[in-house]
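S.K.: I am attaching a structure below and will ask some questions about it afterwards.
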């Protein structure tokens, strides 16, 4: 028996997709504040923050892809692939903000490298490539034991760029 195809869903409204991404950004900020005031829970909070970070970035990329008229695969979680679907000017703007944020947080990044014994990519494309499947990998790290994410600062850069490109998105 032939498999029945579901009718295609209309593309989601980019502003609504951004609104959903922003909700996750607010949750990330709340976890950061809680983590700072409760350092004993640092390790317990880090993983959920990284999962939320990856999902927020996925939604942010999808919102902008939609705003640019691109095609969105609703099932894709590959951050590098999604970033690659953005217009070159948007990619450049996000990279410029990323570089600024990373420079401002260099001391924190070096401390993390020392504490965890890892090298954190400073280049956005390298960080995205290393973290491209982090949303899936980190959600199931208890099963696989593997998963990396080097995009902890990306929500700041991505959110700023999206609001600059779409000032009406700032008033949700």
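S.K.: Which pairs do you get when a residue that is closer than 16 Å to residue 115 by Cβ, found in region 42-65, comes within reach of a residue that is assigned to a helix (DSSP H, G or I), reach meaning Cβ atoms under 6 angstrom, with the pair 6+ apart or on two chains?
M.R.: These pairs meet every condition: 42/35; 45/31; 45/35; 49/28; 49/31; 50/138.
Per-residue answers, yes or no, for (1) closer than 16 Å to residue 159 by Cα; (2) under 13 Å from the mean Cα position of the chain (by Cα); (3) loosely packed, with under 12 Cβ neighbours inside 10 Å:
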site	(1), (2), (3)
22	yes, yes, no
32	no, no, no
39	no, no, yes
55	yes, yes, no
74	no, no, yes
86	yes, no, no
111	no, no, yes
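S.K.: Next up: Return yes or no: is residue 127 farther than 16 Å from residue 59 by Cβ and in a helix (DSSP H, G or I)? Even if it seems obvious, please write down each step before you answer.
M.R.: On the way: farther than 16 Å from residue 59 by Cβ: yes; in a helix (DSSP H, G or I): yes.
Considered against the rule, which asks whether it is farther than 16 Å from residue 59 by Cβ and in a helix (DSSP H, G or I), residue 127 comes out as yes.
S.K.: Test residue 103 against the criterion of being outside any loop (DSSP other than H, G, I, E, B), surrounded by fewer than 17 Cβ atoms within 10 Å (Cβ to Cβ), modelled with pLDDT of 95 or more and over 15 Å from the mean Cα position of the chain (by Cα), and give yes or no.
M.R.: For residue 103, the condition - outside any loop (DSSP other than H, G, I, E, B), surrounded by fewer than 17 Cβ atoms within 10 Å (Cβ to Cβ), modelled with pLDDT of 95 or more and over 15 Å from the mean Cα position of the chain (by Cα) - is met.
S.K.: Just one of the numbered conditions (1) farther than 23 Å from residue 171 by Cβ; (2) assigned to a loop (DSSP other than H, G, I, E, B); (3) in contact with a helix residue (DSSP H, G or I) (Cβ under 7 Å, 6 or more places away or on another chain) is not true of residue 70; which one?
M.R.: Single failed check for residue 70: (3).
The values are calculated or read from the model by the stated rules, or taken from the named source; none is laboratory data. Owing to the predicted nature of the structure, the values given are computational and were not obtained by experimental measurement. In this analysis, Cβ positions are derived from the backbone assuming ideal geometry, glycine residues included, and neighbour counts consider all displayed protein chains.
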